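Heads up, the thing below is written out as structure tokens.
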Amino acid sequence: MSEPRNRVIPETTVARLAVYLRVLNGLAESGRTSVSSGELASAAGVNPAGLRKDLSYLGPCGVRGVGYAVPALRERLARALGVEQARSCVLVGMGNLGSALAGYAGFGSRGFSFVGLLDADPTRVGDVVGGTAVRPVDDLEDVVAAHGVTIAVVTTPAAVAQAVCDRLVAAGVRSIVNFAPVALVVPGGVDVRQVDLSVELQVLAFLDRQKGVDVQTEQVALP
């Protein structure tokens, strides 16, 4: 059954659909052919009602009292997320983080292939990471055009990230994952996902500190 047409799926729901797909991939690899809504929700860290609401955007998916067929739901989610076929990506900035991302095999199993690894440092050009040779950043436009790339990952220093972003957009890239610690300015129609690990650590540090404060408060309150 095809997905309902003309239904806009909220971005927060899309993020959870990607988590469900990751869980289903793991179940399929372990040989599971079916899963209950409770099991899938628990593995994804959501409640069953929220899971069912999210999946309702795809139309009828499961059978009441039986659950979901893992292969069929995987296919539905992959199609809805646009990863039923391999998506070509480029990565710009082959420092420690960029090299780690390029060498991570998990992207390939989830439908993403780095067809271009680019860096401005001539000493890195020619290095092979994850089976792909690093090319000079001057080749950016040629790589994007040759492979029809629409998704890019930026792991450059902050000082050059905007210039790299501008070149990517001009070359036809419409979606960017930005690890550089700077907000990128893009025109309408281009999506940017900002990933700042230092910010995430600061949030966790705050939450951890709050837990300590809560514990101290409880101890003081004891008679």
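The values are calculated or read from the model by the stated rules, or taken from the named source; none is laboratory data. All values reported here derive from a predicted model rather than from experimental measurement. We place every Cβ from the backbone using ideal geometry, glycine too, and count neighbours over all the protein chains shown.
Side notes on the structure shown:
- Selection within the stretch 156-171 - in a loop (DSSP other than H, G, I, E, B) and under 18 Å from Val190 (Cβ atoms): Thr156
- The single residue among Val149, Val143 that is in the same structural domain as Val186 (by TED's automatic domain parsing), in a loop (DSSP other than H, G, I, E, B) and under 14 Å from Arg167 (Cα atoms) turns out to be Val149.
- Looking only at residues in the stretch 104-136 that are in a strand (DSSP E or B) and of a type in the set (Phe, Trp, Tyr), the one that is nearest to the chain's Cα centre (by Cα) is Phe112.
- When Ala102, Ala72, Ala120 are checked against the criterion of being in contact with a Phe, Trp or Tyr (Cβ under 7 Å, 6 or more places away or on another chain) and either farther than 30 Å from Ser36 by Cβ or free of Cβ contacts under 8 Å to residues at least 40 places away in the same chain (or both), a single residue qualifies: Ala102.
Per-residue answers, yes or no, for (1) surrounded by fewer than 18 Cβ atoms within 10 Å (Cβ to Cβ); (2) part of a helix (DSSP H, G or I); (3) modelled with pLDDT under 90:
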site	(1), (2), (3)
Val8	yes, no, yes
Glu39	yes, yes, no
Val46	yes, no, no
Leu55	no, yes, no
Ala72	yes, yes, no
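Yes/no matrix, rows are residues, columns are (1) modelled with pLDDT under 95; (2) in contact with a helix residue (DSSP H, G or I) (Cβ under 7 Å, 6 or more places away or on another chain); (3) exposed (fewer than 15 other Cβ atoms within 10 Å of the Cβ):
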position	(1), (2), (3)
Phe107	yes, no, no
Ala120	no, yes, no
Val128	no, no, yes
Val137	no, no, no
Leu140	no, yes, no
Val143	no, no, no
Ala146	no, no, yes
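- Any hit, the stretch 77-97, residues being in contact (Cβ under 8 Å) with a residue 60 or more places away in the chain, part of a helix (DSSP H, G or I) and closer than 26 Å to Arg167 by Cβ: yes
- Given (1) within 25 Å of Arg22 (Cβ to Cβ); (2) in contact with a helix residue (DSSP H, G or I) (Cβ under 6 Å, 6 or more places away or on another chain), number of the condition Ala100 does not satisfy: (2)
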